[in-house]
Structures are given as structure tokens and as C-alpha cells.
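Participant: Have a look at this one before I ask anything.
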Amino acid sequence: MEELQSAVVVVGAGLAGFVAALTAAEQGIEVLLCEKQDEVGGSTVMSGGSFCFTGTDLQAAQGIEDSPELLREDLIQVGQHRNDLRLVDRYVRDNLAAYHWLREHGIEFGQVQAASGQSVPRSHPSNPRRVIDLLHAAARQVPNLTVVTGVTADRLVQDHETGRVVAVRAHEGDQEFFLRAERGVVLTSGGFCQNKEMIAAFAPGKERALRLGGLGNYGDGLRMAWQLGAGLRDMPYVKGTFGNHPQAQSGHHTACMAVYKGAIAVNKQGRRFVDESLDYKLLGDACLEQEDALGFQIFDEAVMRQSVPGYPMFDFHRRITEGRLITAPSLEELAGKIGIDPGRLKKTVESYNEMVREGLDDPLGRKHLTHRFGSLATLEEPPFYAYPSTSAIIATYAGITVDEDARVLDIFGDSIPGLYAAGEVMGGFHGAAYMTGTSLGKATVFGRIAGRGAARAIA
Ligand SMILES: Cc1cc2nc3c(=O)[nH]c(=O)nc-3n(C[C@H](O)[C@H](O)[C@H](O)COP(=O)(O)OP(=O)(O)OC[C@H]3O[C@@H](n4cnc5c(N)ncnc54)[C@H](O)[C@@H]3O)c2cc1C
């Protein structure tokens with residue numbers, strides 16, 4: 001094939017790509033979704049599957065009181081006021097509609113949990129592979145939507161006179177061709193966690209972190225837009241996420257976050273090194289500063305009882321089955337098994353327990369389980385557990401500047417006509433840190449916006 005013609009071309013078939021392509025196709029126009037890997041799904045199918053939504057029927061059924069105002073406040077606080085408020089406001093406005101859109105496409109969510117950066121539970125767990133399977137099946141039912149795999153987009157083509165993006169240059173093996181887009185191109189090509197050079201350039205010091213995201217995520221879309229003058233946001237905040245096992249591999253494991261249910265984090269010296277209630281990207285930074293970039297989440301049976309089967313972050317029993325959670329009847333024996341001085345670990349846990357029991361101020365500043373949610377509890381009920389944890393870059397959460405309508409903006413803030421971006425390839429929404437579920441949430445919210453916008457845009 002030398003040239004394919006459609007109204008909208010979407011680059012990258014992860015969550016944002018499927019949402020954008022389906023939304024555009026719902027307008028009755030021809031849409032082409034191209035994926036460079038042989039399989040669709042990207043980072044999305046490897047993810048923990050948590051979506052951040054506010055005001056859902058599921059929250060109401062669990063008696064959770066949340067509000068758009070509180071979501072906004074949390075997003076900005078977690079993002080340390082570095083977020084682009086236009087994007088935050090759009091997410092707050094559109095996230096409930098995005099939730100309903102997913103439900104209409106057959107996606108189901110489990111019990112809502114409180115996770116990183118949330119002052120009330122708003123993490124809606126899903127099975128991410130099933131999410132993609134359902135959307136892929138929906139795409140197959142739409143005659144005006146074509147999904148191609150094994151096709152890599154490598155350049156954007158602009159009209160010489162207008163500067164409008166009118167096509168994508170792509171290749172399949174050695175064969176090069178053009179995907180013409182009468183109305184617009186949507187970049188949904190994910191992040192760049194697999195690109196060592198980009199990580200070294202934008203996140204120096206993070207090379208010690210593991211890299212566990214989508215196998216096709218080399219920042220292709222970001223670089224294509226960058227070539228046309230797109231601006232970049234949040235690049236200094238590319239970070240690893242705490243809670244990943246040091247032997248974790250892409251696609252097989254997700255972070256275990258016992259700290260958000262009451263565990264403490266200690267280093268190889270048996271000392272706590274961080275306020276464990278912080279966003280897990282900040283925990284990831286603190287972990288990288290420890291010897292061998294290694295920490296251990298230490299907890300007791302009372303925390304173990306809060307394991308949530310099927311919710312990756314809190315499924316502690318699963319870690320036993322995987323042979324990765326170390327257990328012992330006493331703290332001293334546990335310390336021996338993980339190579340920490342037994343007396344030191346015991347002392348650390350005792351002083352933590354005393355602080356909690358007496359209501360003393362924590363020298364590291366911990367007041368809650370996660371963000372502003374949950375009360376601290378002592379760790380004293382045997383058996384005890386240790387989960388070795390390091391920092392892994394699972395998503396880059398930074399990228400191309402877009403406006404609230406998902407139009408790509410150049411470095412001077414002007415939109416690049418015909419070009420949209422959604423999902424992990426876009427920057428500006430998260431700011432300095434990250435609330436669980438907002439990456440899948442963002443892919444859905446802005447995927448819909450980008451799909452609608454590109455479908456409407458007339459050259
Ligand atoms: C282990 C793990 C756990 C996570 N847990 C969560 C969670 O619980 N909640 C949450 O909100 N977020 C989570 N994330 C982050 C989240 O999964 C991603 O940010 C999100 O899925 C990104 O969706 P996307 O559609 O933008 O990109 P992706 O799903 O990565 O899709 C991008 C697609 O574009 C393709 N592509 C790239 N370049 C090209 C090209 N040149 N041409 C054609 N195709 C191309 C890629 O191959 C890929 O298939 C997690 C990530 C990981 C890895």
C-alpha cells in the first residue's frame with residue numbers, strides 16, 4: 001500500500017487510541033487507528049487497571065462522599081500547583097461522562113479504593129486487558145473504523161501553505177507509505193519509558209529505576225510533534241513509582257502498595273526513609289536515594305487482612321503466591337530473612353508503634369495512610385511481612401502541550417492545525433506528581449475530546 005485515505009488517523013492503539021478512534025467514528029466518518037506492535041493495548045493492558053472518577057454510582061453505593069471541588073483540590077495539591085489548570089478543570093468536568101461512556105461499552109469496575117494522592121476513595125478497579133478487548137471488539141463492529149497493527153508512524157506531514165497536519169508517514173517493515181487524514185491526526189502513542197536516551201535526557205538520575213511500561217513506548221509521537229514545534233510540559237517530573245519488586249518485568253507485575261494500608265517503608269539499614277503517605281512517585285524518588293535503590297515494605301497480619309483480591313496494588317495474597325512476599329513469625333526473623341540487622345528493624349517498628357499509640361508527631365511527617373485518607377495503626381500482630389520494593393518508571397506522565405480541547409500547542413501556545421493528542425503522550429495535566437487512576441482516566445477523558453475534535457475539524 002502506498003497511501004491510505006481517511007478523515008481521521010489515530011496513532012497508537014492503547015486506551016486513548018481506542019477511545020479517540022471510536023469517538024471519532026461515532027460521527028460517521030472514516031477513521032484509521034494504527035498500531036506499531038503486532039498486538040494492541042500498549043501500557044494499558046499492563047497496568048493496574050485503576051481509573052480515577054468522582055461522583056460515580058459505585059462511590060455512592062459505598063457511602064463515599066466526594067465532589068468535583070475535592071477532586072480538583074487534590075489534583076492540584078498532588079501536582080504541587082504545577083498542573084495546567086485548563087486540563088485539570090476539563091478532567092474534573094468530563095470525568096463522570098467518561099466513566100459512563102466506558103460503562104456503556106461494557107466495562108465493569110470493582111470496589112472503589114483509596115490510593116495514591118486521594119483524600120477519599122476514588123480508584124475504580126478494572127481488568128485492563130478486558131477493557132481493551134471490549135473496545136477492540138466494539139471497534140470491529142464499526143464499519144467506518146479500521147484498526148491496523150504492525151504499522152509504525154514515523155513522521156507527521158504538514159500542508160506547505162497552511163501548516164495543517166494532513167498525513168502521517170508510516171512504515172510496515174521496509175515498506176513506507178502515507179496515511180492521509182482529511183480532518184485531523186490524533187497522537188495516542190503513549191509515553192517514552194522504553195527510551196533510555198530520552199529518560200537520560202529528561203530525567204537524569206532516574207536511570208537506576210526499572211522501566212516497565214509498554215514495549216512500543218519510545219516517545220515516537222512526542223518526537224513527531226516536537227519536530228513541528230510542539231511545546232513540552234512536566235518533563236522535569238518524570239519519575240519512578242515505588243512498590244515494584246526489583247525483579248519485576250514489563251507486563252507481568254504491578255506495584256504493591258502495602259504502605260497505603262498501613263505498612264512502613266525501611267531501607268537496607270532498617271530505617272524508615274520517607275513519609276509513606278506521599279504520592280508513590282515521590283516515594284519512588286526517595287527510594288532511589290537509598291542503598292541499591294532498595295526499600296522494604298514491612299507490615300503485620302492486620303495489614304494483610306486488608307488485602308484486596310484482584311486489585312493489583314493491594315492484592316497482598318497474590319504476592320505470596322508469586323513467592324515474592326517474605327514472611328516470618330517475628331520481626332527479628334523477618335529481618336534475618338531480608339538481610340537487615342534484627343535489632344535495628346525491631347527498634348524502628350517499636351518507635352513507629354509508640355508514635356502511633358501516643359499520637360506523637362512523626363519526624364518524617366506521616367499523618368495518614370495515603371494523602372489525607374486513613375488513620376495510622378501499630379504494626380504488632382504476627383506474622384510479619386516484607387515486600388522488597390524499588391522504583392520503576394511505568395509511565396512518563398509528561399509530554400506534548402495541549403489545550404483543554406486536546407489540540408496540540410506549539411512552544412508559543414498556538415495550536416498546530418489538524419493535530420490532537422491524548423493519553424500518556426500529553427503533558428501538563430498531572431504537574432509534579434501523580435494521583436492513582438488519573439492516567440487511564442486522562443486517556444479516556446482526553447481521548448474522547450481529541451476524537452470529537454478531530455472528527456469535527458474541517459480542513
Ligand atoms: C505496570 C503499570 C501499572 C499502571 N497502573 C496504572 C493504573 O492502575 N492506573 C492508571 O491510571 N495508570 C496506570 N498506569 C499508567 C497507564 O497504564 C498508562 O499511562 C496508560 O495506559 C496510557 O494509555 P495510552 O493509551 O496513552 O498509551 P498506551 O496504552 O501505552 O498505548 C500507546 C500505544 O501506541 C503505540 N505506539 C507507540 N508509538 C507508535 C508509533 N510510532 N506508531 C504506531 N503506534 C505507536 C504503542 O505500541 C502502544 O500500543 C500503569 C502503567 C504500568 C506500566
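Participant: For the ranges 444-454, 217-227, what's the packing order if you count other beta-carbon atoms within 10 Å of each residue, average per peptide, and put the highest first?
Facilitator: Top of the packing list down: 444-454, 217-227.
Participant: Hey, can you grab everything whose amide H is under 5 Å from the amide H of Q194? Only 5+ residues off in sequence or another chain; H modelled, so Pro and N-termini drop out.
Facilitator: The answer is N217.
Participant: Report ³J(HN,Hα) in whole Hz for each residue of the stretch 397-405, in order, from the Karplus equation J = 6.51 cos²θ - 1.76 cosθ + 1.60 where θ = phi - 60°; Gly and Pro get x.
Facilitator: 6, 8, x, 5, 6, 9, 8, 5, 9
Participant: Taking R0 as 60 Å, what's the FRET efficiency between E73 and D174 from their Cβ-Cβ distance, rounded to 0.05?
Facilitator: 0.70
Participant: Here's something else I'd like to know. Count neighbours as other Cβ atoms within 10 Å of each site's Cβ, and list the GluC sites (Glu not before Pro) in the stretch 96-205 that are DSSP loop with at most 11 such neighbours.
Facilitator: The qualifying sites are E161.
Participant: Could you give each residue of the stretch 206-213 its phi-based ³J(HN,Hα) in whole Hz, using Karplus coefficients 6.51, -1.76, 1.60 with θ = phi - 60°, and x for Gly or Pro?
Facilitator: Whole-Hz 3J(HN,Hα) from phi for the stretch 206-213: 9, 5, 6, 6, 5, 10, 10, x.
Participant: So for H81, H136, what's the accessible-area order with a 1.4 Å probe, most first?
Facilitator: From most exposed to least exposed: H81, H136.
Participant: Normalised by the number of residues in the chain, what is the relative contact order in percent for Cα pairs under 8 Å and 6+ residues apart?
Facilitator: Across the chain, relative contact order equals 25 percent.
Participant: What is the Cα centroid distance between the stretch 106-130 and the stretch 36-87, reported in whole angstrom?
Facilitator: 9
Participant: Shifting gears a bit: Are there any chymotrypsin sites (Phe, Trp or Tyr not before Pro) in the stretch 116-217 that are in a DSSP loop and have at most 10 other Cβ atoms within 10 Å? List them by number.
Facilitator: none
Participant: How much length would be gained if the chain were fully extended between R140 and E161, taking 0.36 nm per residue of separation minus their Cα-Cα distance, in nm to one decimal?
Facilitator: Residue separation times 0.36 nm, minus the Cα-Cα distance, leaves 3.9 nm.
Participant: Additional query: One quarter of the convex hull surface, Cα atoms only: what value does that give for the stretch 241-393 in nm²?
Facilitator: Over all viewing directions, the stretch 241-393 projects a mean Cα-hull area of 8.1 nm².
Participant: How big is the antiparallel share of DSSP beta bridges in the chain, given as a percent to the nearest 5?
Facilitator: 60
Participant: Can you tell me what share of the DSSP beta bridges in the stretch 1-140 is antiparallel? A percent to the nearest 5 is fine.
Facilitator: Rounded to the nearest five, the antiparallel share is 50 percent.
Participant: Grab the Cα-Cα distance for E291 and D133, subtract it from 0.36 nm times how many residues apart they are, and report the gain in nm with one decimal.
Facilitator: My answer for the length gained is 52.7 nm.
Participant: While we're here: Pick out, in residue order, every one of the GluC sites (Glu not before Pro) in the stretch 43-87 that is DSSP loop and has at most 12 other C-beta atoms within 10 Å; say none if there are none.
Facilitator: E65
Participant: Here is a follow-up. Expressed as a fraction of 2.2 N^0.38 Å, the rule-of-thumb size for a compact globular protein of N residues, what is the C-alpha radius of gyration of the stretch 380-459?
Facilitator: Rounded to two decimals, the normalised Rg is 1.55.
Participant: Any idea how far the Cα center of the stretch 257-325 sits from the one of the stretch 179-198, in Å?
Facilitator: 34
Participant: To the nearest 20 debye, what charge dipole does the chain have about its Cα centre, counting +1 at the Cβ of each Lys and Arg and -1 at the Cβ of each Asp and Glu?
Facilitator: 280
Participant: Go through the stretch 168-175 residue by residue and turn each phi into a ³J(HN,Hα) via Karplus (6.51, -1.76, 1.60, θ = phi - 60°); whole Hz please, and just put x for glycine and proline.
Facilitator: For the stretch 168-175, the Karplus curve yields 10, 8, 9, 9, 10, x, 8, 8 Hz.
Participant: Moving to a separate point now. Compute the label zone of T321 within the stretch 45-67: residues whose backbone N is under 19 Å from the point 7 Å along Cα-to-Cβ.
Facilitator: It comes to 46-50, nothing else.
Participant: Something else about it: Lys/Arg Cβ at +1, Asp/Glu Cβ at -1, dipole of the chain taken about the Cα centre: which of Y218, A97, V308 is farthest positive-ward?
Facilitator: Highest projection toward the positive end goes to V308.
Participant: What FRET efficiency comes out for the pair E380/E65, r = Cβ-Cβ distance, R0 = 25 Å, nearest 0.05?
Facilitator: 0.20
Participant: Which listed residue (Y385, T44, A24) has the Cα farthest towards the positive end of the charge dipole for the chain, taking +1 on Lys and Arg C-beta and -1 on Asp and Glu C-beta about the Cα centre?
Facilitator: Farthest towards the positive end: Y385.
Participant: For L33, which sequence-distant residues (separation of 5 or more, or a different chain) have an amide H within less than 5 Å of its own amide H, given hydrogens modelled in the peptide plane?
Facilitator: V10, T146, V147, V148
Participant: Taking 8 Å as the Cα distance limit and 6 or more residues as the minimum spacing, I'd like the relative contact order of the stretch 241-393 as a percentage.
Facilitator: 37
Participant: Per the helix-only calculation at 222 nm, which mean residue ellipticity applies to the chain, given -39500 (n - 2.57) for every DSSP H run of n ≥ 4 and division by its residues, nearest 500 deg cm²/dmol?
Facilitator: Theoretical 222 nm ellipticity from helices: -9000 deg cm²/dmol.
Participant: Moving on to the next point. List the residues, sorted by chain then number, that are 5 or more residues from N83 or on another chain and whose placed amide H is less than 5 Å from its amide H.
Facilitator: Under 5 Å from the amide H of N83 lie the amide H atoms of A432, each far enough along the sequence or on another chain.
Participant: Oh, and also: 7 Å from Cα along Cα→Cβ at both Q227 and E333: what's the point-to-point distance in nm?
Facilitator: 6.1
Participant: Compute the label zone of E301 within the stretch 308-335: residues whose backbone N is under 20 Å from the point 7 Å along Cα-to-Cβ.
Facilitator: Once the point is set 7 Å along Cα→Cβ of E301, 308-309, 315-321, 325-335 turn out to lie under 20 Å by backbone N, inside the stretch 308-335.
Participant: Within the stretch 127-162, which residues have the backbone N less than 11 Å from the label spot 7 Å out from D38 along Cα→beta-carbon, could you tell me?
Facilitator: Only 150 pass the distance filter.
Participant: Right, another one. For H252 and Q5 in the same chain, what is the full-extension length gain: residue separation times 0.36 nm, less their Cα-Cα distance, in nm?
Facilitator: 85.2 nm
The values are calculated or read from the model by the stated rules, or taken from the named source; none is laboratory data. Just so it is clear, the model here is predicted, and its values are computed rather than measured. In this analysis, Cβ positions are derived from the backbone assuming ideal geometry, glycine residues included, and neighbour counts consider all displayed protein chains. Remember, those area values only see protein heavy atoms, side chains included, never the ligands or the DNA or RNA. Shrake-Rupley method; radii C 1.70, N 1.55, O 1.52, S 1.80 Å.
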